[in-house]
Amino acid sequence: QVQLRESGGGLVQAGGSLRLSCAVSGRTFSMNAMAWFRQAPGKDREFVAYITKGGSTLHADSMKRRFTISRDSDGTTLFLQMNSLNVEDTAIYYCAAGGLATSRTNAYAYWGQGTQVTVSS
């Protein structure tokens, strides 16, 4: 089992920044990728970025100039730095862990409970 717990969400004005964290614990040795997804009200869950065990990253095209995924050196914390936030970034942000580095939601076996990010105009 892998446990994931997000933190760092909140209310921010448009143009501002937030840094999300995801604490990772449990049997992570088989997890080849960690990722961030988000889900806005009434919309499907959307891929944001992933990072592989080897440190390679992929960001969604629409966010790669503003968002950056990273992790600490021992792999126990995943981060998402979000800059130049706009109202359309309002969503619940989830971290996920899985055996395959992919943007597909259904490939990730473990999910956190999510953290709300609200961007005001």
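Brief remarks on what is shown
- Since only Asn83, Gly114, Ser56 are under comparison, the one whose Cα sits farthest along the positive direction of the charge dipole of region 26-121, derived from C-beta charges on Lys, Arg, Asp and Glu, is Ser56.
- Here the chain is treated as a sphere whose radius is the Kirkwood value from Cα pairs; by Stokes-Einstein at 4 °C and 1.567 mPa s it diffuses with a coefficient of 92 µm²/s.
- When you restrict to C-alpha pairs under 8 Å that are six or more residues apart and normalise by the size of the chain, the relative contact order lands at 36 percent.
- Whole-angstrom gap from region 100-121 to region 15-59, using each part's C-alpha centre: 6 Å
- Charge tally for Ser17 (other residues, Cβ to Cβ under 12 Å; Lys, Arg +1; Asp, Glu -1): +1.
- Normalised per residue, the accessible area of the chain is 52 Å², obtained with a 1.4 Å probe and no contribution from ligands, DNA or RNA.
- Percent accessible area from carbon and sulfur atoms, region 1-81, protein chains only, probe 1.4 Å: 46 percent
- Of the beta bridges in the chain, as assigned by DSSP with both residues counted there, near 90 percent are antiparallel.
The values are calculated or read from the model by the stated rules, or taken from the named source; none is laboratory data. Remember, it's a predicted structure, so these values are computed and weren't measured experimentally. Don't worry about glycine lacking a Cβ; one is built from the backbone with ideal geometry, like all the others, and counts go over all protein chains shown. Ligands, DNA and RNA are stripped out before the accessible areas are found, and what is left, the full protein with its side chains, is counted by its heavy atoms. Shrake-Rupley method; radii C 1.70, N 1.55, O 1.52, S 1.80 Å.
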